[in-house]
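**Student:** Sharing a structure here in C-alpha cells format.
The values are calculated or read from the model by the stated rules, or taken from the named source; none is laboratory data. Predicted, not measured: the structure shown is a model, and the values here were computed from it. Reconstructed Cβ throughout: ideal geometry from the backbone, glycine too, with neighbour counts over all protein chains shown. Areas reflect the complete protein model, heavy atoms only, side chains present, ligands, DNA and RNA absent. Shrake-Rupley method; radii C 1.70, N 1.55, O 1.52, S 1.80 Å.
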Amino acid sequence: MTASEAAATPTRSATVVIPWRPQPSRLDAFDRVLAWYAENLPDIDVRTIDSDDPVFNLARCRNLAFDLADGDVLIINDADTLPERDALLRAIDGAATTRAVHLPYDEYRWFGAQGSAQYAAGVAAADCAFELVHGACSGVYVATAETWRAHGGQDERFRGWGFEDAAWYIAHSTMLDTPPIRIPGRVYALHHVAAERSGTQYEANAALMQRYRDASGDREALGQLLADSVSARNALVAPGS
C-alpha cells in the first residue's frame, strides 16, 4: 500500500449512517454530503435510515442506526452537514477505544443561503460565508453502539425540530461522567428551509428539555428521565403525547 492509499483509508472499520427522509429543500445538501464521502472516503459504506414515524424523528433514526450496528464504529451524519476528513478520521480512531461519543469538530459553521451558494459554485468550504454556532453538538456523531447505549442514546420524545441534541449532551455528560469528546476541526451545515419552531410539539420539546437541564449532573434524576424515554420508546407512544 502506498502512502497516499494509506492516507485515504480509515485505520478503524466504520460505517456512515445518514438519517434521511426526502424533502425538496434538502435534496441538494443531501447530494453534497454523499459527494463529500465519495470524494474523501470512497471505500467507506454510506447508508441512510428512517423510521415509520409520521413526522420525521431524528432522535429515533439515530437510535435505530445503533440498534442495527454490527460492531463497527458508526458515523451518524446529518443530511446537511459536511465534516473535515482529518478530524473525522481522528474521531473514528478515538471512538473505537474510548467510552465516549466523539464530535469531529470544535467549530460549527452554518453556511446559510450565501455560504451554500458559494460552496455550490466551487468555493472551498473553509472560505465560504458562515455564521458560527456556539455550543453546537449535533451534525456528526462518531461512536460505537456500546457507548451510545451506555448513556441511553437520544430521547425519542423529541419530535419535529429541536432539543434532542442538547438533551443528549446533558445525558452523556451526566451518565458517563464526561462530555462528548471534541476533535479540533470544523463541520459545515448547508442551507435548507428551516423546520417549524412553534406549536404544541415544539412546546412539548422545550418542556422536556427543561427537565434535562434540571437533572443535569444528577445521575439518579437523569437515569429516571432515560428510563421514561425507553418506556416511551417501547410503548410506541403516539406523537404529541
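**Student:** Rolling a 1.4 Å sphere over the protein heavy atoms, what is the accessible area per residue of the chain, to the nearest Å²?
**Tutor:** Values: 11290 Å² over 241 residues.
Roughly 47 Å² per residue, with all protein chains present.
**Student:** Mind checking which of GLN201, LEU103, ILE92 is farthest towards the positive end of the chain's charge dipole, using Cβ charges of +1 (Lys, Arg) and -1 (Asp, Glu) about the Cα centre?
**Tutor:** GLN201
**Student:** Local charge sum around TYR108 (other residues, Cβ-Cβ under 13 Å, Lys/Arg +1, Asp/Glu -1)?
**Tutor:** Details: positive: ARG109, ARG182, ARG186; negative: ASP78, ASP80, GLU84, ASP106, GLU107, GLU131, ASP165.
Surrounding charge for TYR108 is -4.
**Student:** Report the Cα centroid-to-centroid distance between the range 13-41 and the range 76-149 in angstrom, as an integer.
**Tutor:** Computed from Cα coordinates, the inter-centre distance equals 12 Å.
**Student:** Next question, about the same structure. Which of the listed residues, LEU58, LEU74, VAL33, is farthest toward the dipole's positive end in the chain, when Lys, Arg count +1 and Asp, Glu count -1 at the beta-carbon?
**Tutor:** LEU58
**Student:** While we're here: Dipole of the range 83-155, Cα-centred, from +1 at each Lys and Arg C-beta and -1 at each Asp and Glu C-beta, to the nearest 20 debye?
**Tutor:** On the way: 5 positive and 9 negative charges, 36 e Å.
Charge dipole of the range 83-155: 180 debye, to the nearest 20.
**Student:** To the nearest 20 debye, what is the magnitude of the charge dipole of the chain about its Cα centre, counting +1 on the Cβ of each Lys and Arg and -1 on the Cβ of each Asp and Glu?
**Tutor:** Working: 21 positive and 33 negative charges, 55 e Å.
I would put it at about 260 debye.
**Student:** While we're here: Over the chain, with every protein chain in place, what whole percent of the accessible area is carbon and sulfur at 1.4 Å, could you tell me? Present the calculation step by step, with values, prior to reporting the outcome.
**Tutor:** Numbers: 5850 of 11290 Å².
Carbon and sulfur: 52 percent of the exposed surface of the chain.
**Student:** Same structure again: What does the net charge come to around ALA59 if you take all other residues with beta carbon closer than 9 Å to its beta carbon, with K and R at +1 and D and E at -1? Walk me through the intermediate numbers first.
**Tutor:** Working: positive: ARG60, ARG62, ARG157, ARG159; negative: ASP155, GLU156, GLU164, ASP165.
My count for the surroundings of ALA59 gives 0.
**Student:** Follow-up. Could you state the angle between the C-alpha long axis of helix 164-175 and the longest principal axis of the C-alpha atoms of the chain, as a value from 0 to 90 degrees rounded to the nearest 10?
**Tutor:** Tilt of helix 164-175: around 80 degrees.
**Student:** Return one quarter of the surface area of the convex hull spanned by the alpha-carbon atoms of the range 19-84, equal to its mean projected area, in nm². Can you show the working numbers first?
**Tutor:** Values: hull surface 19.3 nm².
Dividing the Cα hull surface by four gives the mean projection, 4.8 nm².
**Student:** Pairs of alpha-carbon atoms within less than 8 angstrom and 6+ residues apart define the contacts here; what relative contact order does the chain have, in percent? Spell out each step's value before the answer.
**Tutor:** On the way: 423 pairs, mean separation 55.2, N = 241.
Value for the chain: 23 percent.
**Student:** I need the shape label for the range 50-138. Rule: rounded when a/c is under 1.5, else prolate if a/b > b/c, else oblate, with a, b, c from the alpha carbon gyration tensor. All intermediate terms of the calculation are to be shown ahead of the outcome.
**Tutor:** Details: a/c = 2.26, a/b = 1.38, b/c = 1.64.
It comes out oblate by the Cα gyration axes.
**Student:** Could you calculate the contour length gain from VAL133 to GLN114, that is, 0.36 nm times the residue separation minus the distance between their Cα atoms, to one decimal place in nm?
**Tutor:** Details: separation 19, 0.36 × 19 = 6.84 nm, distance 1.59 nm.
Length gained between VAL133 and GLN114: 5.2 nm.
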